[in-house]
Amino acid sequence: MKRKVTYRIFSVLLSFVLLVSGLLIPKETRAAGENLAYQKTVIVSSTESSSYPGSYAVDANGNTRWSSAYADNQYIIVDLGKNYTVSSVRLAWESAYASQFQIQTSLDNSAWTTVYSNYNGTGGSNSISFSATTARYVKVYLIKRATSYGFSLYEFEIYSAAGTGVLDYLYSISGSKTVIGIHNREPNSDPDVQTEKAYSITGQYPGLWSGDFLFSSDDVANRWTMIYECKKQWDKGSMVQLMMHVVPPTQSEPGSWDGGVVSTLNDSQWSSLITDGGTLNKAWKTRLDQYAVYLQYLKDNGVTVLFRPFHEMNQSIFWWAGRTGSNGTAALYRLTRDYLQNVKGLTNLIWVWDMQDLDYNWSTYNPGSAYWDIFALDIYNSDGFTDYKYNQALNIAGSKPIAIGECAKLPTASKLLSQPRWVFCMSWAELTFSNNSNSEIQNLYWASNVIVQNELPDLK
Ligand SMILES: [Ca+2]
């Protein structure tokens, strides 16, 4: 505890000194809205002359420009130096613009994905958005010139999706550090009770706060209280997560645990749910319309949410779970993401796909790589944090982050050092305190490889 208290006092003093001197040092290397291309390495197919180098397209100077040789089929590539989640670019053309061009992205400067095409370019300034994608290299592939000169750009700017600071940060600690978190179970009328208890024991706030839409009349009535807490925790510097222990679309809200959250849909009900236009499909989307109001509020306030619907897909007691194959639980996950993201415009969600250590047939529940950002595993089995589970999680996640979605018994800091790809570890609410001694909780929260709230960068 001493180390972090010292650090906090130092931070406070440092902040004070900086405030007094009028200086502001950014907490993170990248703020939201920053042009990621600025002063990065540029690779071009040609230059008109040494007066127009590729670097002039990423110097944030609207008077300098890159210009290619006088020929079609040219390119300019920016190497961002590491992977980012990118979702838009801005092109500022000189009068020698492209009438046909594409934006392409790559992880390795070899295999390219076209994310945008324009075959009727008109020059000027183009702000271009596309589906958020992970990329280190971003290319403007210049197909056809509009003039007899080459292609010339004053600026080629590249931006992250709003709120991808959280995901970028998790990528950056993958393999070295783990954010510690805690779920705040009902009541939604007191949605930080477990977070505060962790603080009372460790003197540190968890780096991840988690809440739930829930199902009972009291908890449904207090959803706004929970959502306001979510925003408050984000404003205080935590990562935030939302779950959905909600009743099935065959029922109205509020409802019950037994016979509600824990219930079964028959095959024809399931078919109705996952078939576009089905009665239960419409009922579920009507429900999503209601949840979207809360999520929109968070979006409007700049809150990025780790969203974990339909957790423990192989835990078949839940109405959504235990259905294998492409038309199973995975289909419900996909339609929910498609609806919230594409129809409701909720781009502030990081999608967590979550399984439990009940079995290892995880791939049959996989919604598809395009549908999730983080793979999480709930670890409750008494064999604990085995290397086998860790390696299975790595196998299914590939290069994406993995996380311990829930646990009762916490891992030790040394276990996390030997399994360093877990980007966060969330203990389950009150089970944290019934399954771990105070000193075990303290030792984990105070470890140098474990990230608490005041060690997180600015994620906004
Ligand atoms: Ca320039």
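The values are calculated or read from the model by the stated rules, or taken from the named source; none is laboratory data. Just so it is clear, the model here is predicted, and its values are computed rather than measured. Cβ atoms come from the backbone with ideal geometry, glycine included; neighbour counts cover every protein chain shown. Side chains included, ligands, DNA and RNA excluded: accessible areas come from the protein's heavy atoms. Shrake-Rupley method; radii C 1.70, N 1.55, O 1.52, S 1.80 Å.
Output the residue which, of all residues in the stretch 138-148 that are more than 16 Å from the ligand (Cβ to nearest atom) and of a type in the set (Val, Ile, Thr), is nearest to residue 55 (Cα to Cα). Looking at residues that are more than 16 Å from the ligand (Cβ to nearest atom) and of a type in the set (Val, Ile, Thr), I get 138.
Filtering the stretch 58-75 to residues that are open to solvent by 60 Å² or more (accessible area, probe 1.4 Å) and in a loop (DSSP other than H, G, I, E, B) leaves 60, 63, 70, 73. Hey, any hits in the stretch 104-119 for a residue that's under 34 Å from the mean Cα position of the chain (by Cα), exposed (fewer than 12 other Cβ atoms within 10 Å of the Cβ), modelled with pLDDT of 95 or more and over 25 Å from residue 401 (Cα atoms)? Yes, the stretch 104-119 has at least one match. Look at (1) over 24 Å from the mean Cα position of the chain (by Cα); (2) not in a loop (DSSP other than H, G, I, E, B) and you find that residue 189 fails only one, number (2).
When 127, 88 are checked against the criterion of being more than 16 Å from the ligand (Cβ to nearest atom), out of contact with any Phe, Trp or Tyr (no Cβ under 6 Å at 6 or more places or on another chain) and either assigned to a strand (DSSP E or B) or open to solvent by less than 50 Å² (accessible area, probe 1.4 Å) (or both), a single residue qualifies: 127. For residue 151, indicate whether it is within 16 Å of the ligand (Cβ to nearest atom), open to solvent by less than 20 Å² (accessible area, probe 1.4 Å) and out of contact with any helix residue (DSSP H, G or I) (no Cβ under 8 Å at 6 or more places or on another chain). The answer is yes for residue 151. Which one of 237, 328 is of a type outside the set (Lys, Arg), in contact with a helix residue (DSSP H, G or I) (Cβ under 9 Å, 6 or more places away or on another chain) and open to solvent by 10 Å² or more (accessible area, probe 1.4 Å)? Answer to the check: 237. The set of residues in the stretch 351-378 that are open to solvent by 10 Å² or more (accessible area, probe 1.4 Å) and either touching a strand residue (DSSP E or B) at 6+ places or on another chain (Cβ under 6 Å) or not assigned by TED's automatic domain parsing to the domain that holds residue 436 (or both) comprises 356, 373.
Please determine whether any residue of the stretch 303-321 is assigned to a helix (DSSP H, G or I), among the acidic types (Asp, Glu) and over 17 Å from the mean Cα position of the chain (by Cα). No, every residue in the stretch 303-321 fails to be assigned to a helix (DSSP H, G or I), among the acidic types (Asp, Glu) and over 17 Å from the mean Cα position of the chain (by Cα).
When residue 79 is tested against (1) open to solvent by 10 Å² or more (accessible area, probe 1.4 Å); (2) within 15 Å of the ligand (Cβ to nearest atom); (3) assigned to a strand (DSSP E or B), just one condition goes unmet, and that condition is (2). Against the test of being among the β-branched types (Val, Ile, Thr), more than 23 Å from residue 172 (Cβ to Cβ), more than 13 Å from the ligand (Cβ to nearest atom) and modelled with pLDDT of 90 or more, the options 44, 17 yield a single qualifying residue, 44. Screening the stretch 383-423 for residues that are assigned to a loop (DSSP other than H, G, I, E, B), small (Gly, Ala, Ser) and open to solvent by 20 Å² or more (accessible area, probe 1.4 Å) and picking the one that is modelled with the lowest pLDDT gives 399. Of all residues in the stretch 52-67, those that are in the same structural domain as residue 145 (by TED's automatic domain parsing) have Cβ atoms under 8 Å from Cβ atoms of residues that are of a type in the set (Lys, Arg) and near the ligand (Cβ under 9 Å from one of its atoms), 6 or more apart or on another chain, in 52/65; 56/65; 57/65.
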